[in-house]
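The values are calculated or read from the model by the stated rules, or taken from the named source; none is laboratory data. Worth saying up front: this structure is predicted, and the values here are computed from it rather than measured. Heads up, the Cβs are rebuilt from the backbone with ideal geometry, glycines too, and the neighbour counts pull from every protein chain shown. Surface accessibility is based on the protein's heavy atoms, side chains included, excluding ligands, DNA and RNA. Shrake-Rupley method; radii C 1.70, N 1.55, O 1.52, S 1.80 Å.
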Amino acid sequence: MINITFPDGSKRQYQKGITGYEIADSISKSLSKSAMIIEANGVQIDLHRSIEEDSSIKIITPKDKECLELIRHDAAHILAMAAKELYPDIQVTIGPAIKDGFYYDFAKNEPFSLEDLEKLEKKMHEIVQRDVKFEREVWDRDEAIKYFKSIGEQYKAEIIASIPGDEKITIYRQGEFLDLCRGPHAPSTGK
């Protein structure tokens, strides 16, 4: 058993390996529906990651100020997915949340036009409506480099190669779209 401490100082015991989602659900169904991510011992993680040790937690919902950055981060990934669906030959580079929104850099032979931006926005709305799951995967470094090179994502392969050897390579899957990312992410694009 592990001890989980809540923001109000109360504690509950749970089985080792419980997820943030399961903790939220044990408190209330409405909390599990609104939960976006969990903060465990000061580190934000996906709701479906296992908690293996005694932890102080906070369940992050859209009411929390931390949620805005998460939503912007998710939106950047949705933008990248939309771009790959519309322009399969585009290369995806980096795309973080920023102070006033989010962005993603792409390598594309032709610059984006205003018409392209409208198409991207429409495709992003479609992806949100599809409610695609964000799924975290830990990959072998060499396999990740090989995979991204095989799909023409040279920049991603270079970024992975530059990550220090002691860091895990985490890939997030959204349906068929895969991207290098530390996370965390909401449970799905519809959230």
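Go through the range 86-95 and count every residue that is open to solvent by less than 30 Å² (accessible area, probe 1.4 Å) and either touching a residue at least 24 places away in the same chain (Cβ under 8 Å) or under 18 Å from the mean Cα position of the chain (by Cα) (or both).
Going through the range 86-95 one residue at a time, the tally reaches 3.
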Among the residues of the range 148-172, count how many are touching a residue at least 40 places away in the same chain (Cβ under 8 Å) and basic (K, R).
1
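State whether one or more residues within the range 77-85 are part of a strand (DSSP E or B), closer than 23 Å to G190 by Cβ, under 23 Å from the mean Cα position of the chain (by Cα) and at pLDDT 95 or above.
So far as the range 77-85 goes, no, none of its residues is part of a strand (DSSP E or B), closer than 23 Å to G190 by Cβ, under 23 Å from the mean Cα position of the chain (by Cα) and at pLDDT 95 or above.
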Can you find a residue that is open to solvent by 90 Å² or more (accessible area, probe 1.4 Å) and in contact with a Gly (Cβ under 8 Å, 6 or more places away or on another chain) anywhere in the range 145-164?
no
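In the list V138, V128, which residue meets the criterion of being touching a residue at least 12 places away in the same chain (Cβ under 8 Å) and in contact with a strand residue (DSSP E or B) (Cβ under 8 Å, 6 or more places away or on another chain)? Break it down stepwise before answering.
Details: V128 fails: in contact with a strand residue (DSSP E or B) (Cβ under 8 Å, 6 or more places away or on another chain).
Matching residue, one of V138, V128: V138.
When the range 96-134 is examined, which residues are found to be of a type in the set (A, V, I, L, M) and either at pLDDT 95 or above or more than 18 Å from the chain's Cα centre (by Cα) (or both)?
Residues of the range 96-134 that are of a type in the set (A, V, I, L, M), as a first pass: 97-98, 107, 114, 117, 120, 124, 127-128, 132.
Across the range 96-134, the qualifying residues are A107, L114, L117, L120, M124, I127, V128, V132.
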Please enumerate the residues belonging to the range 142-189 that are assigned to a loop (DSSP other than H, G, I, E, B) and in contact with a helix residue (DSSP H, G or I) (Cβ under 6 Å, 6 or more places away or on another chain).
H185, A186, T189
Output the number of residues of the range 96-121 satisfying the condition of being closer than 11 Å to A83 by Cα and open to solvent by 80 Å² or more (accessible area, probe 1.4 Å).
3
Residue pairs within 7 Å by beta carbon, gap of at least six or interchain, first lying in the range 27-52 and surrounded by 19 or more Cβ atoms within 10 Å (Cβ to Cβ), second of a type in the set (V, I, T) and part of a loop (DSSP other than H, G, I, E, B), listed first then second, are A35/T61; M36/T61
Mind checking which pairs have a first residue in the range 177-191 that is closer than 16 Å to E167 by Cα and a second that is assigned to a strand (DSSP E or B) and small (G, A, S), Cβ under 7 Å, 6 or more apart or different chains?
none
